[in-house]
Amino acid sequence: MIERCQEDTRPRFGPRARTAVGLAAAALLAATSAAFLPGTASAGTTLGASAAEKGRYFGTAVAASRLSDSTYSTILNREFNMVTPENEMKIDATEPQQGRFSYGAADQIVNHARSRGMSVRGHTLAWHSQQPPWMESMSGSALRSAMLNHVTQVATHFRGQVVAWDVVNEAFADGSSGARRDSNLQRTGNDWIEAAFRAARAADPGAKLCYNDYNTDNWTHAKTQGVYNMVRDFKSRGVPIDCVGFQSHFNNDSPYVSNYRTTLSSFAALGVDVQVTELDIQGAPANTYRSVVEDCLAVARCNGVTVWGIRDSDSWRASQTPLLFNSSGQKKAAYDAVLAALNNGTAPTDPPTTTPPTTPPSGSCTATLQDGTRWGDRFNSSVTVSGASNWTVVVAVTPPQKVSSTWSGSPSWDTSGNVMTMRSNGSGNVFGFTTMANGNWNRPVVQSCTAS
């Protein structure tokens with residue numbers, strides 16, 4: 001798998017920086033059309049106005065510290081109708097000390113945007129990175145409680161001001177497993193993502209709730225399939241997820257792929273909106289920028305595109321000159337290509353009625369979990385695999401649950417003992433396992449299925 005380089009170790013926007021709406025395109029546009037129109041620009045002349053004419057948005061990441069830069073703010077106010085705070089809503093910025101919240105810089109961005117008719121995406125409520133030291137040192141039930149309190153307090157503070165939240169950011173691992181990333185949040189229990197979404201819904205019922213990640217652009221990649229399976233599971237069980245964000249940080253090591261539109265449409269077919277949330281492309285090739293925008297416009301539930309910065313000098317990848325404006329604030333050829341794509345696009349129709357692809361992409365398969373016999377202290381589950389005869393399936397249970405026995409497969413476990421990798425052993429395409437509940441009766445979750 002081609003991956004973005006060293007997500008957690010590369011320097012980002014400042015000392016600890018780095019990051020990443022949900023607008024149901026036609027319906028929400030009708031309700032909030034004023035918020036979609038940047039200033040007094042005419043449709044067809046700026047990115048935001050052209051996107052709004054098509055029932056979408058075109059946004060950018062914003063740093064509070066740059067709002068006093070006249071060139072920066074002039075472009076921002078003229079071109080965009082959606083903003084995402086670059087770092088100002090992340091955990092270390094909003095709760096630097098446990099229980100003591102700080103919203104000054106985030107409020108500055110929100111007030112700037114809303115006073116000019118722009119909408120705001122919130123980024124991000126729960127993430128393994130950019131945690132303050134007090135949270136980094138926590139674990140178990142104390143961390144779970146602190147995370148949920150953070151989600152509740154921050155979402156409540158911005159209730160009514162933010163149209164969508166990246167509730168959980170980057171929870172899946174790179175590589176070929178399609179499994180969850182090992183993090184302090186993951187070690188609180190496999191249901192932590194679900195718990196965060198439920199807390200966010202309770203705190204701000206009016207905001208769209210999104211899952212956001214990188215290296216999920218290629219439909220055939222295991223990580224993409226892992227996220228897809230999670231979203232499908234959430235939708236089947238009524239977990240409140242409204243949208244999925246695709247960061248789309250494209251470069252030579254992780255390039256734009258021709259099946260990108262398939263990825264967007266496949267997720268949309270699950271009944272969620274999709275957004276391009278952190279777009280930047282090494283060298284800013286006009287044709288690639290055009291293709292990304294056209295792919296979004298071709299999917300009815302793709303609400304819009306956010307570029308991750310305004311000028312090249314504002315980018316976390318400044319040396320790759322990946323944005324639509326050069327460091328002097330001048331429009332690049334990629335800008336013209338994007339504007340043309342927006343003007344040539346069409347407004348979204350009703351959400352698609354198509355179903356997700358029934359044929360797994362090359363290198364993947366489908367694994368379906370069924371509940372089995374239940375006793376007073378344990379329960380059985382079986383998993384049916386389709387699309388491959390040689391397969392690897394990753395299943396997670398929620399602590400303090402433990403898998404006590406398995407059949408019809410070759411199992412191994414991660415270091416926590418909560419994530420099981422089951423490989424085919426020639427016994428067919430159905431395997432099973434017994435889970436000791438230990439007081440927790442949550443259903444195990446299939447995280448991925450990979451053909452081998």
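The values are calculated or read from the model by the stated rules, or taken from the named source; none is laboratory data. All of these numbers come straight from a predicted model, not from anything done at the bench. Methodologically, a virtual Cβ is constructed for each residue, glycine included, from the backbone with ideal geometry; neighbour enumeration extends over all protein chains shown. These area figures cover heavy atoms from the full protein model, side chains too; ligands, DNA and RNA do not enter into them. Shrake-Rupley method; radii C 1.70, N 1.55, O 1.52, S 1.80 Å.
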task: Would you check if Arg144 is in a loop (DSSP other than H, G, I, E, B) and open to solvent by 10 Å² or more (accessible area, probe 1.4 Å)?
output: no
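Residue-wise test of (1) within 27 Å of Ala300 (Cα to Cα); (2) at pLDDT 95 or above; (3) touching a Phe, Trp or Tyr at 6+ places or on another chain (Cβ under 8 Å).
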position: Gly55; (1), (2), (3): yes, no, no
position: Ser65; (1), (2), (3): no, yes, no
position: Asn81; (1), (2), (3): yes, yes, yes
position: His123; (1), (2), (3): yes, yes, yes
position: Gly160; (1), (2), (3): yes, yes, no
Residues that are closer than 21 Å to His221 by Cα, of a type in the set (A, V, I, L, M) and touching a Lys or Arg at 6+ places or on another chain (Cβ under 8 Å), drawn from the range 265-304: Ala268, Leu270, Val272, Val274, Val299
Members of the range 295-305 found to be over 18 Å from the mean Cα position of the chain (by Cα) and either closer than 16 Å to Gly59 by Cα or basic (Lys, Arg) (or both), listed by number: Leu297
- prompt: Any chance the range 97-104 includes a residue that's within 24 Å of the chain's Cα centre (by Cα) and either surrounded by 19 or more Cβ atoms within 10 Å (Cβ to Cβ) or in a helix (DSSP H, G or I) (or both)?
  reply: no
task: Determine the pairs where a residue that is under 18 Å from Val163 (Cβ atoms), located within the range 303-316, has a partner that is modelled with pLDDT under 95 and not in a helix (DSSP H, G or I) with Cβ atoms under 8 Å apart, the partner being 6 or more residues away or on another chain.
output: Asn303/Val21; Asn303/Gly22; Asn303/Leu23; Asn303/Ala24; Gly304/Val21; Gly304/Leu23
query: Among the residues of the range 315-348 satisfying the criterion of being over 18 Å from Ala63 (Cβ atoms) and of a type in the set (Lys, Arg), which is least open to solvent (accessible area, probe 1.4 Å)?
result: Lys332
task: Filter the range 369-383 down to the residues that are open to solvent by 10 Å² or more (accessible area, probe 1.4 Å) and under 28 Å from the mean Cα position of the chain (by Cα), then identify the one that is modelled with the lowest pLDDT.
output: Leu369
- line: How many residues of the range 70-90 are among the aliphatic types (A, V, I, L, M) and either open to solvent by 10 Å² or more (accessible area, probe 1.4 Å) or in contact with a helix residue (DSSP H, G or I) (Cβ under 6 Å, 6 or more places away or on another chain) (or both)? The answer is 2
- prompt: Restricted to the range 160-184, and to residues that are surrounded by fewer than 24 Cβ atoms within 10 Å (Cβ to Cβ) and among the hydrophobic types (A, V, I, L, M, F, W, C), which residue is nearest to the chain's Cα centre (by Cα)?
  reply: Ala171
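If you take the residues of the range 147-166 that are part of a strand (DSSP E or B) and either not assigned by the TED database to the domain that holds Ile91 or not charged (D, E, K, R) (or both), which of them is nearest to Ser119 (Cα to Cα)?
Start the filter on the range 147-166 by keeping residues that are part of a strand (DSSP E or B), which leaves 164-166.
Add one more test, that the residue is either not assigned by the TED database to the domain that holds Ile91 or not charged (D, E, K, R) (or both), and what stays is 164-165.
On the way: Ala164: 9, Trp165: 12 Å.
Among residues in the range 147-166 that are part of a strand (DSSP E or B) and either not assigned by the TED database to the domain that holds Ile91 or not charged (D, E, K, R) (or both), the one nearest to Ser119 (Cα to Cα) is Ala164.
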Scope the range 396-412; condition open to solvent by 40 Å² or more (accessible area, probe 1.4 Å) and outside any loop (DSSP other than H, G, I, E, B); matching residues: Lys402, Ser404, Ser405, Thr406, Trp407, Ser410, Pro411, Ser412
message: For the condition within 18 Å of the chain's Cα centre (by Cα) and open to solvent by 30 Å² or more (accessible area, probe 1.4 Å), what is the one hit in Ser265, Ser248, Ser258?
response: Ser265
